[in-house]
Amino acid sequence: MASDIYKHGVYGEQLPFANNPIPAIGTVIGYIGTAPIQQVNTAGEEGFDYTPYINQPVLIRRYRDVTAKLGYTTDWGNFTLCEAISAHFLAGDEPIGPIVCINMTDPTKLAAENTATSVTMSGATGDKTGLLTDPLAAIENITLTDASKGPLTVNTDYTMIYVDGGIQIHVTKEAFSDASVTATYKQINVTQETLSSTVFASALAGLDIAEVKTGQLVNVIAAPGWSQMPDYHAELISKAKERLAEKWYTIAVSDIPADSSTNTPAAAISWKAANNYTSKLDKVCWPMATYSGQHYHLSTLAAVRMQITDTNAGGVPYISPSNKAITADASCLDDGTEIFISEVTGNSLNEMGISTTNIIRGGMRLWGGHMANYDFGNVENILPEDLQDSAIRMGLYLLNYLQYNYIDLIDSPMGRREIDAVLASVQQWLNSLVNAGRLLYATISFEEDENSTEDMASGDFVFNVKQTYTPNAKSLTFKSQYTTKGLSSLTGGESA
């Protein structure tokens, strides 16, 4: 990407530390949320076209992609996609990507009232700099006033650039010596009134063209900061059920609110039931977690953990992300209040289909191997393939794989040789999954009663695949029992 500023010389630019991310295999997370995309308008150009950055899938492979495509700030409350960026590329020792992000922020949607902020300036007369730290400010909306002499003229008296999520103001007016300037602007509106659940649904629709625009198949969707609101969550689950582009199967990862109304496990369980967070396509999480002073939604950390676990498994989601390490120091509510979760408490959440955290050997792990449909008290009414998160995800993985790899047969002749070739190649693939322990059993067949003369004459063919998923161990019980047999060794007898 060409620079927006003419350069001639040697320059230095410091970026946040970021390890080279692990390239994910098989699993790509799609995040819906808000980003400070005003930062991509680096020169503050008036009338800048933000259309390519709104409701459009953007591929982020590494942190350095962020500046040109999304912008970044630590104000995750207003700009929720930055939390996902941090979790994938900045936090911990296992950065992983790529991810697909869809931004809802529209920098042309502004608050009704002006904001006036005093910006402290430092430096010599005629060469002073200051930093406006409001992440809701955009360069193109800002006017500056010199307290002693009135308005300043942009690009004549001063310039502005984005630096570390803020706006650096450089006043070069010859006689300017004030210790501050007043910046007046309208903040970008990222409230729910502007970004309604209808707007959220439009952003979700952008996932339908993710493969076309990014070359990536999204198979996990998340919206940290939004999914804990029932209206937005309903749209998220609706999209998962509808499938991306009405074809690609996906699951959602979402949150139960972690606030004063849901500040106990019992309250979280009640809230989940009352708000119908019960889909088998939904991995529901509670509460939040902290790492290095930042508060992460657990759905974000769970999504990162899924991507890491699946990648380590060759891209096949047959291993649950549960009982795997997450980048977190403690569990908390949204205000930072620490929540202490014992394994017993964690299990009480798990048995109602809520994933949480557990501290094992001094480290924080994701804890809960079910989806939101799970209810231990009603387990007899849950289909065996819907009991574990890994089984549900494997079912979707098999379908996506077959749809992706056999598209080339469409609109080609289908004779007996071609049918046998499909049976042989799919069975070979299924056998490889069984031999690797990723499935226990799998077979494909072409049945006469599923393929009528009329259907085949129309070019419609049906293949039946049957499989048994490899269960993940939910519990191990070791039974210990006392015996007197060892006492005989005291008198010289046999001890065994």
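The values are calculated or read from the model by the stated rules, or taken from the named source; none is laboratory data. Values in this document were obtained by computation on a predicted structure and should not be read as measured data. Heads up, the Cβs are rebuilt from the backbone with ideal geometry, glycines too, and the neighbour counts pull from every protein chain shown. Quick note on the areas: whole protein, heavy atoms, side chains included, nothing else; ligands and nucleic acids left out. Shrake-Rupley method; radii C 1.70, N 1.55, O 1.52, S 1.80 Å.
Here are some notes:
- Whole-percent P(r), region 218-346, all Cα pairs, 5 Å bins from 0: 2, 11, 19, 23, 21, 15, 7, 2, 0.
- Extension reserve of the THR67-ALA175 stretch, reckoned as 0.36 nm per residue once the Cα distance is removed: 35.4 nm
- By DSSP, the beta bridges lying fully in the chain are antiparallel in about 75 percent of cases.
- Full extension of the chain segment joining PHE461 with ASN312 gains 50.1 nm, where the gain is 0.36 nm per residue of separation less the Cα-Cα distance.
- Length gained on full extension, ALA245 to ILE209, computed as 0.36 nm times the residue gap minus the Cα-Cα distance: 12.2 nm.
- Summarising the label geometry, the points placed 7 Å from Cα in the beta-carbon direction at ALA436 and ASN114 lie 6.3 nm from one another.
- Tensor-based shape of region 321-445 (alpha-carbon gyration tensor, a/c under 1.5 rounded, otherwise prolate or oblate): prolate
- Measuring nothing but alpha carbons in region 346-413 and taking Rh as the Kirkwood radius, the Rg to Rh ratio lands at 1.22.
- Distance between the pseudo-spin-label points of ALA274 and THR74 (7 Å out from Cα toward the beta carbon): 3.5 nm.
- A Förster radius of 41 Å combined with the Cβ-Cβ distance from LEU383 to THR337 puts the calculated FRET efficiency at roughly 0.60.
- Distance violations [Cα-Cα > 20 Å] among LYS241/LYS283; LYS247/LYS474; LYS239/LYS280: LYS247/LYS474
- Rounded FRET efficiency, nearest 0.05, which uses the C-beta distance separating ASP164 from TYR404 and R0 of 35 Å: 0.30
- Pairs of Lys residues in region 107-236, spaced 8 or more positions apart or belonging to different chains, with C-alpha separations under 29 angstrom: 8 in total.
- Relative contact order (%) - region 49-115, alpha-carbon pairs under 8 angstrom, separation at least six: 45 percent
- Theoretical ellipticity at 222 nm over the chain - DSSP helices of four or more residues, -39500 (n - 2.57) apiece, nearest 500: -6500 deg cm²/dmol
- When you filter the chymotrypsin sites (Phe, Trp or Tyr not before Pro) in region 391-450 for DSSP loop state and at most 16 other Cβ atoms inside 10 Å of their Cβ, you are left with TYR406, PHE446.
- Normalised convex hull volume, the chain, alpha-carbon set, Å³ per residue: 245 Å³
- Over the chain, relative contact order from alpha-carbon pairs under 8 Å, at least 6 apart, %: 12 percent
- Using a probe radius of 1.4 angstrom, the carbon and sulfur fraction of the accessible surface of the chain is 50%.
- The ellipsoid that matches the Cα gyration tensor of region 43-103 has semi-axes, each √(5λ) in whole angstrom, of 22, 13, 11, with the longest given first.
- Count Lys and Arg as plus one, Asp and Glu as minus one, and take only other residues whose Cβ is under 15 Å from that of ASN472; the net charge is then +3.
- Applying 1/(1 + (r/R0)^6) with R0 = 56 Å to the Cβ-Cβ distance of ASN155 and ALA330 gives a FRET efficiency near 0.70.
- Rounded, prolate or oblate (a/c below 1.5 giving rounded, otherwise prolate when a/b exceeds b/c) for region 279-382 by Cα gyration tensor: oblate
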